[in-house]
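Written below as structure tokens is the structure these notes are about.
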Amino acid sequence: MSAMSKSAGLLLACLLSVPALAADLEIKDPWVRGTVPAQKATGAFMQLSSKGGVTLVGVASPAASVVELHEMVMENTVMKMRPVPRLDVKPGQTVELKPGSYHVMLIDLKKPLAKGDVVPITLKVEGKDKKVETVDVKAEVRDLTAAAPAMEHKHQH
Ligand SMILES: [Cu+2]
């Protein structure tokens, strides 16, 4: 396994995420899909990698009553979500939590999430020694239409 690649983009990501120093887990580009007022659930996404390999065994956030790790699976041409109890992050591989795939599901949101909000998420990470550590992530809320260029500008206090 090569340990040569060190991403320069990580510097940018660190502005929004707390670097994981204790657990052997690197988190890049954490974000949450924004919601409309009546919406009670949304997804959080990020990229996970680990030098020695870890397993994600739990997720939590004060922003929602129920927080689960989900995956999307195709069942008879219908995309369905189902909870995932454990997610392996193998050495040298990047596990992408992204729309249409793995995601952190925030269910029963305490309030709507607007673009620019920051959502704290805690990851429970089991190392090779079976010790479970927690890693705090700060995920930035993006627009519902996060892929489109955002020209809208809101003043905030
Ligand atoms: Cu889900």
Note on region 85-136: residues among the hydrophobic types (A, V, I, L, M, F, W, C), under 11 Å from A23 (Cβ atoms) and open to solvent by less than 70 Å² (accessible area, probe 1.4 Å) are V89, L123, V125, V135
Filtering region 26-49 for residues that are more than 12 Å from the chain's Cα centre (by Cα) and open to solvent by less than 10 Å² (accessible area, probe 1.4 Å) leaves a count of 1
When restricted to K130, K124, the only residue in a strand (DSSP E or B), away from the ligand (no atom under 14 Å from the Cβ) and farther than 30 Å from T145 by Cβ is K124
Note on region 95-104: residues without any contact (Cβ under 8 Å) to a residue 60 or more places away in the chain and either outside any loop (DSSP other than H, G, I, E, B) or within 11 Å of the ligand (Cβ to nearest atom) (or both) are V95, E96, L97, G100, S101, Y102
Flagged in region 72-93 as of a type in the set (K, R) and in contact (Cβ under 8 Å) with a residue 12 or more places away in the chain, in numbering order, are R82, R86, K90
Those residues of region 60-87 which are within 15 Å of the ligand (Cβ to nearest atom) and within 21 Å of D129 (Cβ to Cβ) amount to P85, L87
Practice problem: Please work out if M72 is in a strand (DSSP E or B), surrounded by 13 or more Cβ atoms within 10 Å (Cβ to Cβ) and not aromatic (F, W, Y). | Solution: yes
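The values are calculated or read from the model by the stated rules, or taken from the named source; none is laboratory data. Just so it is clear, the model here is predicted, and its values are computed rather than measured. Ideal geometry is used to build each Cβ from the backbone, glycine not excepted, and the neighbour counts take in all protein chains shown. We work out accessible area using only protein heavy atoms, side chains counted, and drop any ligands, DNA or RNA first. Shrake-Rupley method; radii C 1.70, N 1.55, O 1.52, S 1.80 Å.
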